[in-house]
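FYI, it's all coordinate maths here, none of it is from the lab. This is a predicted model, so every value here is computed, not measured. Note: ideal-geometry Cβ built from the backbone for every residue, glycine included; neighbour counts use all protein chains shown.
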Amino acid sequence: MNITITRTTTPKAKPDWEKLGFGKHFTDHMFLMDYNAEKGWHDARIVPFADISLSPACAVFHYAQEMFEGLKAYKAADGSHMLFRPQKNIERMNNTNERLCIPQVDPDFTLEAIKTLVKVDEDWIPDGEGKSLYIRPFIIATDPFLGVHPSATYLFCIILSPVGAYYAEGINPVKIYVEDEYVRAVKGGTGFAKTGGNYAASLRAQQKASEMGYSQVLWLDGIEHKYVDEVGAMNVFFVIDGELITPMLEGNILPGVTRDSVINLAKSMGVKVTDRRLAIDEVFEAARNGKLDEAFGSGTAAVISPMGELNKDGEKIVINGGKIGKLSQKLYDTLTGIQWGKVEDTFGWTVKIQ
Ligand SMILES: *Cc1c(COP(=O)(O)O)cnc(C)c1O
């Protein structure tokens, strides 16, 4: 399939690269592609970034049949433009599609679409420490029909947003509230899928935590409220007695690309890594015994986000004196080093945009 390109005749002024923040600015173009039963995915096109017009009856507005992804393009030390493990995002995209009854996308074509769009807007990839171009592919159900069934038509869209360094003032560990009332997902549900409904269901707990002065929620499993699932919209890791432990993939947590990268990187550094069920009581017990060395979240946006404090039912534990741990820092430096082309990529994770 061909991608037709219509370039904007009125390019936008670039934002202040030093005040980008996250997800606030969008580039000059976007990728669109339609789906219907007769033609499958068709009419792939790059057009000027603009509002889209949809019937208020569209299925996505009522029953949330949609999926999204998130990855980044980086300007490497040698000036080339790189993606980080995009094939993993596209593979996950199709796993989400399958769960949400959204038609599969062709992995090679989708990678081509991402690369082509980034190339068209390559002067929007910010230069400088920690900055990148966030890539947001998503698919929405567009059938104008109020019945509950999988849509017959879809729109696939990719938008790009230049984002600033996540840690503009150095990495500050955050305070986490262990949520034991609301849950994010259950096995058999959509926890492993990157879909908006999971986020809608998480907002109330997030709001409750921020009202109490906490920046994120630590999610427990949806059945026993006993095992650790995720932290905010990130996967979660604990260093207990020198061992790196992360919850296993059982269908309720999101299989993060960063999670997988952290596991492989830590193993290559000779760290013992275990993925298994981890009870929150085990974490607190380890903390009481002085064996909880470090704790952090992992995700594309922040890469590594250390936790400085956990509060469960009023019992508070401070992790590593509220400072980033040694392994967390080493993983952060190595992973971001690979992403920005400063550390040799022995894993073959980076993909150049030619
Ligand atoms: C996207 C996401 C992650 C992190 O995945 P990465 O591929 O590492 O960015 C973790 N948890 C949830 C709920 C997510 O949506």
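Loop-resident GluC sites (Glu not before Pro) (DSSP state other than H, G, I, E or B) in the stretch 271-354 with no more than 12 further Cβ atoms inside 10 Å of their Cβ: 344. All C-alpha pair distances within the chain, sorted into 10 Å bins from zero, spread as 5, 23, 32, 26, 12, 2, 0 percent across the bins. Where the centroid of each part is defined by its Cα atoms, how far is the stretch 131-155 from the stretch 317-333 in Å? Rounded to whole Å, the Cα centres lie 38 Å apart. Cross-link reach is defined here as a Cα-Cα straight distance under 14 Å, omitting same-chain residues fewer than 8 places apart; for residue 88 the aspartates and glutamates meeting it are 69, 106, 108, 260.
Restrict the search to the stretch 102-151; then list the GluC sites (Glu not before Pro) that DSSP places in a loop and that have at most 14 other Cβ atoms within 10 Å of their Cβ. Present the calculation step by step, with values, prior to reporting the outcome.
Details: sites: 112, 122, 129; in loops: 129.
Filter output for the stretch 102-151: 129.
Dividing the summed helix terms, -39500 (n - 2.57) for each DSSP H run of n ≥ 4, by the number of residues in the chain produces a 222 nm estimate of -7500 deg cm²/dmol to the nearest 500. Each of the peptides 298-304, 7-13, 242-248 was scored by the mean count of other Cβ atoms within 10 Å over its residues; in descending order, highest first, they stand as 298-304, 242-248, 7-13. For the stretch 121-127, backbone phi angles converted through the Karplus equation (6.51, -1.76, 1.60; θ = phi - 60°) give residue-by-residue couplings of 9, 5, 6, 9, 7, x, 8 Hz, Gly and Pro being listed as x.
Computed FRET efficiency, Cβ-Cβ of residue 6 and residue 149, R0 35 Å: what is it to the nearest 0.05? Computed FRET efficiency for residue 6 and residue 149: 0.55. As a calculated quantity, the FRET efficiency between residue 330 and residue 54 at R0 = 51 Å, using C-beta atoms, amounts to about 0.65.
Annotation: amide H-H contacts under 5 Å for residue 243 (H modelled 1.01 Å from N, sequence separation of 5 or more, or interchain): none.
For the stretch 163-217, which GluC sites (Glu not before Pro) pass both filters: DSSP loop (anything but H, G, I, E, B) and at most 10 other C-beta atoms within 10 Å?
Those that pass, being in a loop and sparsely packed, are 169, 181.
For the stretch 237-354, relative contact order (Cα pairs under 8 Å, six or more residues apart, normalised by length) works out to 23 percent. When you work out D = kT/(6 pi eta Rh) for the stretch 174-339 at 25 °C and 0.890 mPa s, using the Kirkwood radius from C-alpha pairs as Rh and the Stokes-Einstein form, the result is 156 µm²/s. Helix 196-211 axis versus longest C-alpha principal axis of the chain: approximately 40°, rounded to the nearest ten.
Between residue 109 and residue 19, the C-beta separation translates, for a Förster distance of 56 Å, into a calculated FRET efficiency of about 0.95. Using θ = phi - 60° in the Karplus curve 6.51 cos²θ - 1.76 cosθ + 1.60, the 3J(HN,Hα) couplings for the stretch 173-185 round to x, 10, 8, 10, 9, 7, 7, 10, 9, 7, 10, 9, 7 Hz; x is entered for Gly and Pro.
Taking amide hydrogens as placed 1.01 Å from N in the peptide plane, the amide H of residue 5 sits under 5 Å from those of 46, each at least 5 positions away in sequence or on another chain.
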